[in-house]
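Notes follow the structure.
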Amino acid sequence: MTPGEELAAGLVGAGFDFFTGVPCSLVASLITALEPRGYVAETREDAALGLAAGAALGGRRPVVIMQNSGLGVSLNALGSLQQIYRLPCLLIVTWRGHQGKDAPEHLVMGRAMPQLLDAFEIAWRPIALRTLAADVGWAADEIARSPRALALVVPPGVLE
């Protein structure tokens, strides 16, 4: 089982049942594993958050996959939709620019992402291959306890 398949199985096993997002090479194996489960590809992260909001209002447990540059694009949607209305939504955000390693266009967001998540009161934690089950369990428990957006952050190499 690939790491992406393992994460997909964990998400489904934890009750997440609606998957959308914008592709990133760091989570290609996850998206491939979710496609047979009805993954809905979007062209913009804020549009994916809109789909997730509708899914949550319909009783589903959504997951939105995005690159951290897409987090920047989607901050207004997160703040004015998911956060204000406390809609459950698990964000899986790739950490491009992690530890200052990546193409130059990813470095600023790589440094700023933790502070952005904190400023928007989005609980988050980085995932690791050895802790995938615990990371998904944490996300499922947190969303069940207090419906809102929260994030699992994917450093480079974890799902590749």
Using alpha-carbon positions, the gyration tensor of the range 10-79 gives root eigenvalues a ≥ b ≥ c; with a/c under 1.5 called rounded, otherwise prolate if a/b exceeds b/c, else oblate, the class is oblate
Cut-off 13 Å between beta-carbons: net charge of the residues surrounding S146, Lys and Arg +1, Asp and Glu -1:
0
Under 5 Å between amide hydrogens, which residues at least 5 positions from I65 or on another chain qualify, with H placed 1.01 Å from N in the peptide plane?
T20, G21, V22, I92
Compute the distance in nm between two label points, each set 7 Å from the Cα along the Cα-to-Cβ direction, one at T131 and one at K101.
1.8 nm
State the Cα centre-to-centre distance between the range 1-57 and the range 109-142 in whole Å.
16 Å
For the ranges 85-98, 35-48, what's the packing order if you count other beta-carbon atoms within 10 Å of each residue, average per peptide, and put the highest first?
85-98, 35-48
Relative to the Cα centre, what is the charge dipole magnitude of the chain, using +1 at the beta carbon of each Lys and Arg, -1 at the beta carbon of each Asp and Glu, and rounding to the nearest 20 debye?
240 debye
If amide H atoms are built 1.01 Å from N in the plane of the peptide, which residues on other chains or at least 5 residues away come under 5 Å of the amide H of W124?
A151
Give the long-range amide H neighbours of R60: residues separated by 5 or more places, or on another chain, with amide H under 5 Å away, using H modelled in the peptide plane at 1.01 Å from N.
none
For the chain, radius of gyration divided by Kirkwood radius, i.e. Rg to Rh on alpha-carbons
0.92
Global form of the range 66-160, assessed from the alpha-carbon gyration tensor, a/c cut-off 1.5
oblate
Residue by residue through the range 38-46, what is 3J(HN,Hα) from phi via Karplus (6.51 cos²θ - 1.76 cosθ + 1.60, θ = phi - 60°)? Round to whole Hz and write x for glycine and proline.
x, 3, 9, 6, 10, 9, 9, 5, 5
Over all pairs of different Cα atoms in the range 98-150, the reciprocal of the mean inverse distance gives a Kirkwood radius in Å of 12.7 Å
Once you list every other residue whose beta carbon is under 15 Å from the beta carbon of D17, what net charge do they have if Lys and Arg are +1 and Asp and Glu are -1?
+2
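All of the numbers you see were taken from the coordinates with simple rules; none came from a lab. Since we're looking at a predicted model, the values are computed, not measured. FYI the Cβ positions are ideal-geometry reconstructions off the backbone, even for glycines, and counts take in every protein chain you see.
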